[in-house]
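Undergrad: Dumping the structure here so I can ask a few things about it.
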Amino acid sequence: MIDHIVSPHPSCLCRELPRLEDLLIQVVEAHGDGHSWLAPTLEVFQTLKLDLSTHMVSEEERIFPSIRALKEEASGAFLDENGVDKMIREHDDSRVALDRLREPTNDYVPSQRAHAPNFVRP
Ligand SMILES: [Fe+2]
């Protein structure tokens, strides 16, 4: 399961989070003056992006290796329960941030007036 999480997880988020941030910055620059909710939305997204990036590094460098060592019954292996609790709290924080983004993004449904002339799906 760890292998399943680690392989698509960072490659997808490490690529998509900066791309989404760039798109959101473009929208804020183009339309932020007339839509006061855009700048706070960017702030929430940037906080979420930073939190997720830090979280993924912690998982991959500390938590997942300790779980692998436990599974392999390596000597000295132990579960960092404080670290796991921290990861769970961070998941909850990310869920809150994603919920905060629902309202200004109309539940992630773009307006019919929305356009993205430079949008290129990778
Ligand atoms: Fe996680």
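Undergrad: Is it true that some residue in segment 38-51 is within 20 Å of Asp92 (Cα to Cα), part of a helix (DSSP H, G or I), within 14 Å of the ligand (Cβ to nearest atom) and at pLDDT 90 or above?
TA: Yes, some residue in segment 38-51 is within 20 Å of Asp92 (Cα to Cα), part of a helix (DSSP H, G or I), within 14 Å of the ligand (Cβ to nearest atom) and at pLDDT 90 or above.
Undergrad: What pairs come out if I take residues in segment 87-108 that are free of Cβ contacts under 8 Å to residues at least 40 places away in the same chain and part of a helix (DSSP H, G or I) and pair them with residues that are of a type outside the set (Gly, Ala, Ser) and away from the ligand (no atom under 11 Å from the Cβ) whose C-beta lies under 8 Å away, six or more apart or interchain?
TA: Sorted first by the residue in segment 87-108, then by its partner, the pairs are Arg102/Tyr108.
Undergrad: Would you please list the contacts, defined by Cβ atoms under 9 Å and residues six or more apart or on different chains, that run from a residue in segment 48-75 that is in contact (Cβ under 8 Å) with a residue 60 or more places away in the chain to a residue that is within 12 Å of the ligand (Cβ to nearest atom) and in a helix (DSSP H, G or I)?
TA: Close Cβ pairs (under 9 Å, with a partner that is within 12 Å of the ligand (Cβ to nearest atom) and in a helix (DSSP H, G or I)) amount to Phe64/Ile2; Phe64/Ile5; Phe64/Val6; Ile67/Ile2; Ile67/Val84; Arg68/Ile2.
Undergrad: For Ile25, are the conditions met, namely being at pLDDT below 90, part of a helix (DSSP H, G or I) and not charged (D, E, K, R)?
TA: Values: at pLDDT below 90: no; part of a helix (DSSP H, G or I): yes; not charged (D, E, K, R): yes.
So Ile25 does not fit the description; no.
Undergrad: Output the residue which, of all residues in segment 71-95 that are more than 25 Å from Asp107 (Cβ to Cβ) and acidic (Asp, Glu), is farthest from the ligand (Cβ to nearest atom).
TA: For segment 71-95, the residue satisfying everything is Glu73.
Undergrad: Have a look at Glu61, Glu16 and point out the one that is within 25 Å of Ile2 (Cα to Cα), within 14 Å of the ligand (Cβ to nearest atom) and either in a helix (DSSP H, G or I) or in contact with a helix residue (DSSP H, G or I) (Cβ under 8 Å, 6 or more places away or on another chain) (or both).
TA: Glu61
The values are calculated or read from the model by the stated rules, or taken from the named source; none is laboratory data. Predicted, not measured: the structure shown is a model, and the values here were computed from it. A quick note on method: Cβ atoms are made from the backbone with ideal geometry, for glycine too, and the neighbour counts reach across all protein chains shown.
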